[in-house]
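Okay, structure first, notes after.
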Amino acid sequence: MKFLIVAPRQHSGGAIIQHMLCKLLMDRGYDAKVFYVHSGAIKTTSYWNLFLQQIRFLRHDLTKAAKVKLFPKAKFLKKERYNGYSYLPVKGCKRTFIPVIDDDTIVVYSEGIYGNLLHAKKIVRWLLFFKLYDIDAYEKDALYFTYHELFNDEKLNPSGRKLYLQALDEDMWKQTNFGERSGCCYIVHKGRDRADLPKKFDGPVIDKLSKHEIAEILNQKKYCYCYDTYTTYSLIAAMCGCIPIVMLEDGKTRTDYIGAEEEGYGIAWGNTPEAIEYALATREKMFERIHKMHKENDDAVDSFITECKRYFHMV
């Protein structure tokens with residue numbers, strides 16, 4: 001089996017996880033590559049439209065990549081538009097510019113790709129978030145996985161098949177300030193349309209900063225208010241010694257976002273004294289959970305490979 005993962009560069013949690021899948025497959029001796037596309041939803045099944053999209057994308061992509069190589073220590077690389085270029089949390093993934101797909105190639109799409117972009121015969125659909133399109137946008141004969149049970153669509157994946165990976169760079173996301181902290185910062189991301197967003201933020205919004213700038217701020221501030229209820233940055237904030245407070249939507253509780261099986265250690269689920277106390281009291285358990293990550297990733301990918309063999313090769 002060969003694998004081709006269609007993904008954007010590593011500037012978001014979903015893209016990083018897609019690269020983690022590629023790297024873990026490579027580590028097991030499989031021919032696995034990433035085919036980069038622009039970030040955001042993609043809706044085309046026309047070869048000509050795809051060609052034009054890739055030309056526009058590569059014009060900027062290759063320019064940024066060249067700047068990183070030519071000026072590796074330049075200050076401008078800390079700007080948000082260079083995320084995914086100057087900092088790669090998952091290293092060593094092979095990239096292909098021209099996807100060659102034969103009968104042995106399994107193409108892995110996320111929910112953000114409309115239709116069979118590359119006209120592949122063997123398709124894995126990985127629902128990394130809630131699906132963006134109606135059900136007709138997704139293949140009936142694909143092998144479906146969901147990243148989290150809350151993102152699953154029972155019509156597409158009735159058995160609830162799951163592929164959950166984690167990719168946390170513990171060298172980047174760590175506590176360096178063990179002294180006094182003050183103030184707060186904010187994460188908005190996918191919560192940008194919420195009606196309860198503050199009209200004015202009394203601290204920096206870290207969404208569009210570079211990873212190094214984010215790590216620095218999370219080591220300065222005492223609190224991080226998260227209006228994106230599904231971001232890994234709430235966990236990252238805790239790793240940096242900041243107290244992450246997930247701002248719950250009206251009528252919702254922790255289990256609405258992470259399910260009943262998970263505890264959400266190290267994170268305050270709601271802006272209450274009790275929730276903040278829970279975040280502080282479970283911080284060590286959070287690190288215990290993170291340290292189990294590597295074995296759990298290995299087990300998850302081994303199960304993924306077994307399912308692919310069974311589904312596509314009847315093995």
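The values are calculated or read from the model by the stated rules, or taken from the named source; none is laboratory data. Please read all numbers here as calculations on a predicted model, not as lab measurements. Reconstructed Cβ throughout: ideal geometry from the backbone, glycine too, with neighbour counts over all protein chains shown. Surface areas here come from the heavy atoms of the whole protein model, side chains and all, with no ligands, DNA or RNA. Shrake-Rupley method; radii C 1.70, N 1.55, O 1.52, S 1.80 Å.
Odds and ends about this structure:
- From the list TYR133, TYR233, TYR138, the one residue that fits, being over 30 Å from GLU288 (Cα atoms), modelled with pLDDT under 95, surrounded by 18 or more Cβ atoms within 10 Å (Cβ to Cβ) and touching a strand residue (DSSP E or B) at 6+ places or on another chain (Cβ under 9 Å), is TYR138.
- Filter result for LYS155 (touching a strand residue (DSSP E or B) at 6+ places or on another chain (Cβ under 6 Å) and not β-branched (Val, Ile, Thr)): no
- Conditions (1) assigned to a strand (DSSP E or B); (2) under 20 Å from PRO89 (Cα atoms); number of the one not met by GLN175: (1)
- The C-beta contact set for region 129-151 (first residue in contact (Cβ under 8 Å) with a residue 12 or more places away in the chain, second residue in a loop (DSSP other than H, G, I, E, B) and acidic (Asp, Glu), distance under 7 angstrom, 6+ apart or interchain) comprises PHE129/GLU111; LYS131/GLU111; LYS131/ASP153; LEU132/GLU111.
- Contacts under 7 angstrom Cβ, first residue in region 256-282 being under 18 Å from ASP228 (Cα atoms) and free of Cβ contacts under 8 Å to residues at least 24 places away in the same chain, partner part of a helix (DSSP H, G or I) and open to solvent by 40 Å² or more (accessible area, probe 1.4 Å), 6 or more apart: GLY264/ARG254; TRP269/ARG254
- Count of region 145-161 residues which are polar (S, T, N, Q) and touching a Gly at 6+ places or on another chain (Cβ under 8 Å): 2
- Looking across region 103-130, just one residue is open to solvent by 50 Å² or more (accessible area, probe 1.4 Å) and at positive phi, and that is HIS119.
- Selection count where residues are within 25 Å of the chain's Cα centre (by Cα), open to solvent by 50 Å² or more (accessible area, probe 1.4 Å), within 26 Å of LYS131 (Cα to Cα) and among the aliphatic types (A, V, I, L, M), scope region 33-81: 1
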